[in-house]
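*Asks:* Structure below; questions to follow.
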Amino acid sequence: MTRTLPRRVALSGLLPISLLLAACSASGTGATTEGVDPIAVNAFSVMEAANVPVFEDFAATEAAGDLAASDFVTSYGASGDQSRAVVAGADADVVHYSLETDITRLVDEGLVAEDWRETPTRGIATSSVVVFVVREGNPLGIETWDDLVEKDAEIITPNPGSSGSARWNILAAWAHVVGNGGDEDEARGFLADLLDHTIALPASGREATTAFTDGSGDVLLSYENEAILARQNGAEVDYVVPPDTLLIENPAAVTTSADETARAFLEFMTSAQAQADYAASGFRPVVDGVDVPDVEGANDPADPFPAPEQLFTIDDLFGGWGRAAGEFFGDGEDGNPLGIVTEIQQRTGKVGDE
């Protein structure tokens, strides 16, 4: 079953390259305001630059009170690693991850309420699609999933063991096969071929982008927003939205210890104003009514988020992340079987970069 996105317009914006290349680690945006409780934001790596204008715009709202943009204390990294760090005790008021399973891990630990998805956007704060980032001019002529293996492209994608973006990428490849009439054996074979052409599996989506822009590989499997942001910051790359791809939906929630200001910020994240900010960094809005101008760095700034011919979803094709996580990425512990992707990685020796 497929779905197309409505056309939405987005805001142009140029973000400093220093933000794109900043280390994905705990940091603050500046000196915190005396007497004001900071908001600790724990998020997956690609949100680092995109959050800066959102913090600034929230600080200007009545709901922020005396909170300044510098009162956000942030930590960024691979989605799964970030979630596990919160379980281990890392500070977090607002969590924003690549995958739903990284939120449900916190629900299971009593750190996020069970009803976190009961919002107008079902708990989703940002969205994107899986794309191919290619060298400028697309010298290999990569347009489809089949081109990746048929044209012997050297591929970079993050490691599914640590990165949420990697899991979206891999399932998009699986969807290409089964969503177009192929069976499971054909999908397994295609994934094995894809991994055979993969030369690097960095820990996070941001590290994968850095490896590609530093000159490694022919194709980077990535989020559309990562490709747009890289181009905004001067990277000499192009990107291709394949005819069939997977809708990426990134969830956000507050922790059970969050105060009212943090809860107000979570609600602000899906406002038209914040979604325009996120659109400026290449994210597809998750709400209607985002009336913003062109997106610099998009293939067509005036129509930055074209609807693919086939847009698969996790819920429609995979039964949701609650099912897909174990079926495809299970680690074989506690008597559970290895996930399909985990088994293919182990069999091909593509288990991640050292």
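Computed from the coordinates by the stated procedures, all read-outs in this text should not be read as laboratory data. What you see is a predicted model, and the numbers here were worked out from it, not measured in a lab. Neighbour counts run over all protein chains shown; Cβ positions are idealised from the backbone, glycine included.
*Asks:* What three numbers, in Å, describe the spread of the alpha carbons of the stretch 190-316 along their principal axes, ordered from the longest?
*Replies:* Result for the stretch 190-316: principal-axis Cα extents of 48, 37, 33 Å.
*Asks:* So for the stretch 137-249, averaging the separation of alpha carbon pairs under 8 Å that are six or more residues apart and normalising by length, what relative contact order in percent results?
*Replies:* Relative contact order here is 37 percent.
*Asks:* While we're looking at this one, here's another question. How large are Rg and Dmax for the stretch 108-242 when only the alpha carbon atoms are used, in Å?
*Replies:* Looking at the stretch 108-242, its Cα Rg and Dmax stand at 16.1, 50 Å.
*Asks:* Trypsin sites (Lys or Arg not before Pro), restricted to the stretch 146-238: which are DSSP loop and have at most 15 other Cβ atoms within 10 Å? Don't skip to the end; give the middle numbers.
*Replies:* Details: sites: LYS151, ARG167, ARG188, ARG206, ARG231; in loops: LYS151.
Those satisfying the criteria are LYS151.
*Asks:* Compute the separation of the alpha-carbon centres of the stretch 39-56 and the stretch 298-354 and state it in Å as a whole number.
*Replies:* 24
*Asks:* So what is the relative contact order for the stretch 184-332, in percent, with contacts set as C-alpha pairs under 8 Å and at least six apart?
*Replies:* Rounded, it is 21 percent for the stretch 184-332.
*Asks:* Output the relative contact order of the chain, whole-number percent, from Cα pairs under 8 angstrom with separation of 6+ residues.
*Replies:* After rounding, I find 27 percent.
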